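The values are calculated or read from the model by the stated rules, or taken from the named source; none is laboratory data. Everything quoted here is computed from the prediction, not taken from an experiment. Counting neighbours? That spans all protein chains shown, and the Cβs are built from the backbone with ideal geometry, glycine included.
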Amino acid sequence: MDSRVEGLSVAAEAEMYRKRYGTTPAEADHSTLIRMIEDLLNEGLETQVDPFPETDREFSAILDELRGLPADALREKLVISGWLLKPHGPDEMRCQECMYFLVHRRWCDLPELNLPAEPEWWCRLWRI
Ligand code: SF4
């Protein structure tokens, strides 16, 4: 698939992180990755919250989009997964209750994401 979000190539995106954080998402430690994610969302990155995948087929289709993205394509990962820095929906879904959340590592263990996460965050790949 096209490895660009908002016209930014993965290489240009990696360079942007290197300038700002001194490293890229592929090489960043946990706390730096958390900062990168928070900065992107707080600075207005809009993610694809809808549609929420109701079936296995829809869920797999999103995984297919994510699979193969380089670790430095952080914006694209967040956009496709519908990442938010807060709980979502009337049921206040959040990472804390998601089957992929590793509580002690504060990490999303879904291989297609493989990113740090906070208990109060959410993405549309949420599952219990
Ligand atoms: S899949 Fe989404 S909701 Fe679940 S832990 Fe990962 S980021 Fe959080």
(request) Go through segment 32-60 residue by residue and tally those that are small (Gly, Ala, Ser) and closer than 17 Å to TYR100 by Cβ. (result) 1
(request) State the number of residues belonging to segment 27-69 that are closer than 27 Å to HIS104 by Cβ and within 13 Å of the chain's Cα centre (by Cα). (result) 15
(request) Exactly one condition in (1) in contact (Cβ under 8 Å) with a residue 12 or more places away in the chain; (2) assigned to a loop (DSSP other than H, G, I, E, B); (3) crowded, with 20+ Cβ neighbours inside 10 Å is not met by GLU13; state its number. (result) (2)
(request) Could you check segment 20-108 for helices (runs of 4 or more DSSP H) lying wholly inside it with 1 or more residues that are among the hydroxyl-bearing types (Ser, Thr, Tyr), at pLDDT 95 or above and touching a helix residue (DSSP H, G or I) at 6+ places or on another chain (Cβ under 9 Å)? (result) 30-42, 74-81
(request) Within segment 64-73, track down each residue that is under 22 Å from LEU85 (Cβ atoms) and in contact (Cβ under 8 Å) with a residue 60 or more places away in the chain. (result) GLU65, LEU69, ASP72, ALA73
(request) Find the residue count for segment 76-101, including only residues that are more than 8 Å from the ligand (Cβ to nearest atom), surrounded by fewer than 21 Cβ atoms within 10 Å (Cβ to Cβ) and either within 21 Å of THR24 (Cβ to Cβ) or of a type in the set (A, V, I, L, M) (or both). (result) 3
